[in-house]
Amino acid sequence: MKLNLEKIGKKNISFVGLMGSGKSLIGKLLSKDLNIKHYDSDNFIEKTLKKSINDIFLHKGEKYFRDIEKEIVLSLLKHNNCVISLGGGAILENIVRKSLKITSYTIYLKSDINILCERLKFSKKRPLIKNTNIEETLNTLTKKREKYYNEADLIINNTNDVNSVLIEIKKNLNKFYE
């Protein structure tokens with residue numbers, strides 16, 4: 001049995017959601033289970049620019065980062081038969097949302113703000129929450145982004161049980177096997 005996303009006219013699987021929701025971890029584990037390639041847009045940006053996202057934000061600003069992110073995400077979405085973990089803000093770009101609808105079976109990993117705060121409280125790699133009230137920032141980001149996240153093909157609540165999340169995702173992907 002082989003996963004065939006073409007059955008629904010899609011080329012890949014993309015994860016969307018807030019920072020800390022588990023897109024990178026679950027994307028990587030799912031790709032391993034499905035035996036297909038995994039791309040992480042934030043890692044790709046860091047490798048391409050040879051700078052951390054913190055450095056990019058600090059020296060070039062968020063707008064510069066979002067422009068680079070848009071180009072990299074659009075190039076990743078052209079790949080076939082892979083899993084892509086997107087940065088939390090990638091869906092803010094209209095062209096990215098349109099491309100996601102066309103190319104990807106999208107999965108929104110939804111997490112409770114309290115769980116996200118717990119996961120992110122010691123993070124030094126997230127420029128949007130650096131030196132802020134994390135809960136307040138996450139609530140603000142949720143208000144701006146959730147309407148876009150909710151357009152996903154599949155919405156999964158990600159508490160802390162990675163195995164349950166993977167089982168639920170794979171159960172939903174079963175219809176794409178041949």
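The values are calculated or read from the model by the stated rules, or taken from the named source; none is laboratory data. Keep in mind the model is a prediction, meaning the values are calculated, not measured. Here the Cβ positions follow ideal geometry from the backbone for every residue, glycine too, while neighbour counts run over all protein chains shown. Only protein heavy atoms, including side chains, enter the accessible area calculation; ligands, DNA and RNA are left aside. Shrake-Rupley method; radii C 1.70, N 1.55, O 1.52, S 1.80 Å.
Being of a type in the set (S, T, Y) and part of a helix (DSSP H, G or I), is that true of even one residue in region 50-59?
Taking region 50-59 first, the residues of a type in the set (S, T, Y) are 52.
Pick out the ones that are also part of a helix (DSSP H, G or I) and you get none.
There is no residue in region 50-59 that is of a type in the set (S, T, Y) and part of a helix (DSSP H, G or I).
Test A152 against the criterion of being under 24 Å from L74 (Cβ atoms), among the small types (G, A, S) and touching a Lys or Arg at 6+ places or on another chain (Cβ under 8 Å), and give yes or no. Spell out how you get there, then give the answer.
Numbers: under 24 Å from L74 (Cβ atoms): yes; among the small types (G, A, S): yes; touching a Lys or Arg at 6+ places or on another chain (Cβ under 8 Å): no.
No; evaluated as a whole, the condition is false for this residue.
Taking the residues in region 100-116 that are outside any strand (DSSP E or B) and in contact with a helix residue (DSSP H, G or I) (Cβ under 9 Å, 6 or more places away or on another chain) as candidates, determine which candidate is nearest to L29 (Cα to Cα). Please lay out each step first, then the result.
Of the residues in region 100-116, the ones outside any strand (DSSP E or B) are 100-103, 111-116.
Filter once more, so that each one left must be in contact with a helix residue (DSSP H, G or I) (Cβ under 9 Å, 6 or more places away or on another chain): 100, 111, 113-114, 116.
Working: L100: 21, S111: 18, I113: 23, N114: 24, L116: 20 Å.
Step by step, filter region 100-116, then rank; the result is S111.
Does region 91-99 contain at least one residue that is modelled with pLDDT of 95 or more and not in a helix (DSSP H, G or I)?
There is at least one residue in region 91-99 that is modelled with pLDDT of 95 or more and not in a helix (DSSP H, G or I).
Which one of I45, I36 is touching a helix residue (DSSP H, G or I) at 6+ places or on another chain (Cβ under 8 Å) and either under 18 Å from S104 (Cβ atoms) or buried (at least 18 other Cβ atoms within 10 Å of the Cβ) (or both)?
I45
In the set S99, S14, which member is over 20 Å from Y177 (Cβ atoms) and hydroxyl-bearing (S, T, Y)?
Selected residue: S99, the only one of S99, S14 that is over 20 Å from Y177 (Cβ atoms) and hydroxyl-bearing (S, T, Y).
Among the residues of region 69-90 satisfying the criterion of being part of a helix (DSSP H, G or I) and not charged (D, E, K, R), which is most open to solvent (accessible area, probe 1.4 Å)? Show your work before the answer.
Within region 69-90, the first condition is being part of a helix (DSSP H, G or I), and the residues that meet it are 69-76, 90.
Filter once more, so that each one left must be not charged (D, E, K, R): 72-76, 90.
Details: I72: 17, V73: 1, L74: 34, S75: 51, L76: 1, A90: 2 Å².
Filtering region 69-90 for residues that are part of a helix (DSSP H, G or I) and not charged (D, E, K, R), the one most open to solvent (accessible area, probe 1.4 Å) comes out as S75.
Please work out which one of (1) surrounded by fewer than 18 Cβ atoms within 10 Å (Cβ to Cβ); (2) modelled with pLDDT of 90 or more is the condition N133 fails and give its number.
(2)
Could you give every pair whose Cβ atoms fall below 6 Å, whose first residue belongs to region 157-178 and is in contact (Cβ under 8 Å) with a residue 60 or more places away in the chain, and whose second residue is open to solvent by 100 Å² or more (accessible area, probe 1.4 Å) and among the aliphatic types (A, V, I, L, M), counting only separations of at least 6 or pairs across chains?
Y177/M1
Quick one: which of K63, K110, K125, K78 is of a type in the set (K, R) and out of contact with any Ser or Thr (no Cβ under 8 Å at 6 or more places or on another chain)?
K63
How many of the residues making up region 145-178 are among the charged types (D, E, K, R), surrounded by 11 or more Cβ atoms within 10 Å (Cβ to Cβ), out of contact with any strand residue (DSSP E or B) (no Cβ under 6 Å at 6 or more places or on another chain) and not in a loop (DSSP other than H, G, I, E, B)?
3
So the check is Cβ under 9 Å with 6+ separation or different chains; which pairs have a first residue in region 59-86 that's over 26 Å from L166 (Cα atoms) and a second one that's open to solvent by 10 Å² or more (accessible area, probe 1.4 Å) and not in a helix (DSSP H, G or I)?
From region 59-86, the pairs are H59/K51; K60/K51; E62/P127; E62/L128; F65/P127; R66/E93; E69/E93; K70/E93.
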